[in-house]
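The values are calculated or read from the model by the stated rules, or taken from the named source; none is laboratory data. Note that the coordinates shown come from a computational prediction; the quantities given were computed from them, not determined experimentally. Heads up, the Cβs are rebuilt from the backbone with ideal geometry, glycines too, and the neighbour counts pull from every protein chain shown. The accessibility values were calculated without ligands, DNA or RNA, using every heavy atom of the protein model including side chains. Shrake-Rupley method; radii C 1.70, N 1.55, O 1.52, S 1.80 Å.
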Amino acid sequence: QVQLVESGGGLVQAGGSLRLSCAASGRTFSSYIMGWFRQAPGKEREFVTTISSYESTAYADSVKGRFTISRDNAKNTVYLQMNSLKPEDTAVYYCAASGKLWSTKIGEYIYWGQGTQVTVSS
């Protein structure tokens, strides 16, 4: 069982930056791939980025070059650095964990945090 708690969301102007954190419980954190997903009002939840146990990463095209995912296995924490934010990045951001070796599919992530709101004003 893994429990995930996100933090770091808030209100920021377009062009600004935010850093989200996701703290995980459990001794096997390093064995999970960790992902960030987001859900805007009236839209389906979508993939943003993921990082494997060996720190391979993948990004949605919409955030490439602006967002960076990282993890600190010693602290059981995954981060999402978001730069050059746009109003269309406004959403609830969720941290999630998967026991797969690699996946960007929402259905393959089995543990989810409660989400943190990110609002980007124009």
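A few remarks follow.
- One residue stands out in segment 30-41 among those that are more than 15 Å from the chain's Cα centre (by Cα) and either polar (S, T, N, Q) or closer than 15 Å to SER52 by Cα (or both): the one that is surrounded by the most Cβ atoms within 10 Å (Cβ to Cβ), namely SER30.
- In segment 13-29, the residues that are open to solvent by 20 Å² or more (accessible area, probe 1.4 Å) and in a strand (DSSP E or B): GLN13, LEU18, ARG19, SER21, ALA23
- Looking across segment 1-12, the residues that are open to solvent by 40 Å² or more (accessible area, probe 1.4 Å) and either within 11 Å of the chain's Cα centre (by Cα) or of a type in the set (A, V, I, L, M) (or both) come down to VAL5, SER7, LEU11.
- Taking first residues from segment 100-119 that are closer than 27 Å to VAL12 by Cα and partners that are part of a helix (DSSP H, G or I), the Cβ contacts under 8 Å between residues at least 6 apart in sequence or on separate chains come to VAL118/ASP89.
- Any chance GLN114 is in a strand (DSSP E or B) and surrounded by fewer than 20 Cβ atoms within 10 Å (Cβ to Cβ): no
- Picking from residues in segment 84-111 that are closer than 19 Å to LYS43 by Cβ and hydrophobic (A, V, I, L, M, F, W, C), the one that is surrounded by the most Cβ atoms within 10 Å (Cβ to Cβ) is CYS95.
- Some residue of segment 71-83 being farther than 23 Å from SER31 by Cα, of a type outside the set (Asp, Glu) and open to solvent by 20 Å² or more (accessible area, probe 1.4 Å): yes
- Residues in segment 71-82 that are assigned to a strand (DSSP E or B) and farther than 11 Å from ARG19 by Cα were compared, and the one that is farthest from the chain's Cα centre (by Cα) is ASP72.
- Count - residues of segment 20-77 that are in contact (Cβ under 8 Å) with a residue 60 or more places away in the chain and of a type in the set (Gly, Ala, Ser): 3
- So ALA58, is it under 17 Å from ILE106 (Cβ atoms), assigned to a strand (DSSP E or B) and more than 11 Å from the chain's Cα centre (by Cα): yes
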